[in-house]
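Worksheet: one structure, shown below.
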Amino acid sequence: MEAVTYLNAGDPVPYRTISPNDRPHHVGITALYELPFGKGRRLLAGAPAPLRVLVDGWQIGVVMNSWSGSPISFGDVIFNGGIDAIALPKGQRTVERWFNVDAGFKRASAKQLSYHRFAGPLYYSGVRTDGTDTWYM
């Protein structure tokens, strides 16, 4: 949770909301493998000295990180639906339709107000972007 943003210009205190950097799940896995080449190892132990200098002491390392997605903010829109209806099951998500736009969002410009006080949450913790996976070798 954070309280660094005001919902409306006239609000006396910042609004407490979930952070846009919130990632509730993180898995990190690392592995290190020492290659069996060179002096005192299974392969090329008796190789000439110049070759041993090139192949001795090498390791392979792998780092994998996986994070859950960040919460989505819809900005200053009118929403009259249920928050639970916004998220789509993973099998129904596409690039064009990542969340349920028919869950209660007023999308027609004629129905938008010229000015109103924002009262909804800044970020929806139940509606998130796709997770991130990184691999390093």
Legend entry - Solvent-accessible heavy-atom area per residue, rounded to whole Å², over the chain at 1.4 Å: 71
Inset, instruction - Express the carbon and sulfur contribution to the solvent-accessible surface of the chain as a percent, rounded to the nearest whole number, probe 1.4 angstrom. - result: 58
Legend entry - Per-q log10 I(q)/I(0), the range 40-102, q = 0.24 Å⁻¹ (Debye; single scatterer per alpha-carbon; no solvent): -1.09
Legend entry - Coil-residue trypsin sites (Lys or Arg not before Pro) of the range 31-92, DSSP, other Cβ within 10 Å capped at 12: 42
Inset, instruction - Could you compute the FRET efficiency for residue 88 and residue 134, with r as their C-beta to C-beta distance and R0 at 30 Å, rounded to 0.05? - result: 0.75
Inset, instruction - Give me the percent of Cα-Cα pairs in the chain that sit more than 20 Å apart, rounded to a whole number. - result: 66
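The values are calculated or read from the model by the stated rules, or taken from the named source; none is laboratory data. Treat the numbers as computed from the prediction; the structure is a model and nothing was measured. Here Cβ is always computed from backbone atoms with ideal geometry, including for glycine, and neighbour counts include all displayed protein chains. Calculation scope for accessible area: heavy atoms of the full protein, side chains included, ligands and nucleic acids excluded. Shrake-Rupley method; radii C 1.70, N 1.55, O 1.52, S 1.80 Å.
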